[in-house]
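Below: the structure, in structure tokens.
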């Protein structure tokens, strides 16, 4: 670097001294962080290795759909390189502590020699109704609370954990989890809320483990090349024994279930025979029912045709009834009008009859009065004729009597004629 360059550099620094110092501080801070992380990595790995070895964190977690037994654990303990093998049970289940909301919790059995949890508060469970809780989810104030399984869990889960209710007596950390995450699940949102440790007796598993954990006291610190090489060299032996024990377990299950399988096969054969016999019977009954159904269908079709014809005839009859009703209505109207006319005529005839009777009575009364008057005059004249002292001329009196007699005869004849005329008119 020549003199001119140094001069220009000094001028540039003096012109922007604040920015230069800030960049210098940032670089120094970055170098410090890098140096700190680089120097603390061995300490962190050493602390993690000490923690894992102290809790006997497993090097292999073995899973099998057939499950594991204590004989399988003994076989793996005898494998060179395996210091301890222990089985465990687990289940994801909906549960809620007292006063809390339901969530998915990871229930697992306590292990004594592999992946041993660290008690941080309270005490260890002493019976199958007690449990340890995740110290990330519970505090000492929660000790004594009850964690209750939800009835919404599957029947398999509820059968696996028949106790349903567990009292929280202690808090723990688990070497399986070095972060806040507790793994995934098929339930709910797919996230576990935390873990709960139970005594092995709390799981109704009939001596079958869901997993087998192998603690291997391998050389080297965790995550070191020496540890990874040792684990890699042990893996084939573990896989070979795992496959062999799987075949043994399969054979044992087959032998255990051979009698049940034979009974089930016989029951299946009997069921097939019963099914075939029932099928033949059902086919015969079905054929008979089909014939009956066909005949019934024909009768039904005939009935439908008869019903359609009857409906048409009914429509015609209803139309005829409607026409007859209309005609009857018209006849009733005519009859009503005729009755009105007859009533009017009857009233007129009654009026005429009344007038006629009045006229007849008046005429008969007039002729009767005339007859009475003529008869009375005739009687007086006859009396005068018989009386010598009447002073009347007999000839005149005779003429008067004849005139009176004519008057009486005329009055009687007029009365008779009037009566006959009225009687014939009335008839």
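Where a number appears in this text, it was derived from the coordinates with a stated rule and is not lab data. These numbers were taken from a predicted model, which means no experiment stands behind them. Cβ: placed from backbone, ideal geometry, glycine included. Neighbour counts: every protein chain shown.
Quick look at the values:
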{"read-out": "Efficiency of FRET between residue 228 and residue 179 - r from beta-carbon atoms, R0 25 angstrom, step 0.05", "value": "0.75"}
{"read-out": "Model label zone, residue 136; criterion: amide N under 17 Å from point 7 Å along Cα-to-beta-carbon; scope the stretch 82-115", "value": "92-93, 103-108"}
{"read-out": "Shape call, the stretch 205-351: gyration tensor on alpha carbons, a/c limit 1.5", "value": "prolate"}
{"read-out": "For the stretch 161-211 versus the stretch 1-71, the gap between their alpha-carbon centres in whole angstrom", "value": "35 Å"}
{"read-out": "Relative contact order for the chain, counting Cα pairs under 8 Å that sit 6 or more residues apart, in percent", "value": "16 percent"}
{"read-out": "With Cα atoms, 0 to 90° folded angle of helix 17-54 axis to the chain main axis", "value": "90 degrees"}
{"read-out": "Within a Gaussian network of the chain (alpha carbon springs, distance under 10 Å), most fluctuating of 180, 338, 265", "value": "338"}
{"read-out": "GNM result for the chain, Cα springs below 10 Å: residue of 320, 416, 331 fluctuating most strongly", "value": "416"}
{"read-out": "For the chain, share of DSSP beta bridges that run antiparallel, in % to the nearest 5", "value": "75 percent"}
{"read-out": "Residues residue 191 and residue 51, FRET efficiency given R0 of 30 Å [Cβ-Cβ distance, rounded to 0.05]", "value": "0.75"}
{"read-out": "Full-stretch length increase - residue 361, residue 328 - with 0.36 nm per residue and alpha-carbon distance subtracted", "value": "7.2 nm"}
{"read-out": "Potential lengthening between residue 71 and residue 16 on full extension [0.36 nm per residue; Cα-Cα distance subtracted]", "value": "12.1 nm"}
{"read-out": "Which labelled figure in [x] 67.9, 219; [y] 25.5, 82; [z] 22.6, 72 is Rg and Dmax of the Cα atoms in Å, once derived from the coordinates", "value": "[x]"}
{"read-out": "Two-site FRET efficiency, residue 240 against residue 90, from Cβ-Cβ distance with R₀ of 45 Å, rounded to 0.05", "value": "0.95"}
{"read-out": "Tilt relative to the chain, helix 225-386 - C-alpha long axis, 0 to 90 degrees, to 10", "value": "10 degrees"}
{"read-out": "Spin-label pair residue 276/residue 263, simplified geometry with 7 Å Cα→Cβ offset, distance in nm", "value": "2.5 nm"}
{"read-out": "Projected label distance in nm at residue 380 and residue 299, using a 7 Å step from Cα toward the beta-carbon", "value": "11.2 nm"}
{"read-out": "Theoretical gain in end-to-end length, residue 124 to residue 286 [0.36 nm per residue, Cα-Cα removed]", "value": "51.4 nm"}
{"read-out": "Relative contact order of the stretch 104-235, pairs being alpha-carbon contacts under 8 Å that are 6 or more residues apart, as %", "value": "36 percent"}
{"read-out": "D_trans [Stokes-Einstein, Kirkwood Rh over alpha-carbon pairs] for the stretch 51-223, 4 °C, 1.567 mPa s, µm² s⁻¹", "value": "78 µm²/s"}
{"read-out": "Rough spin-label spacing in nm, given labels placed 7 Å along Cα→Cβ, for residue 27 and residue 369", "value": "17.1 nm"}
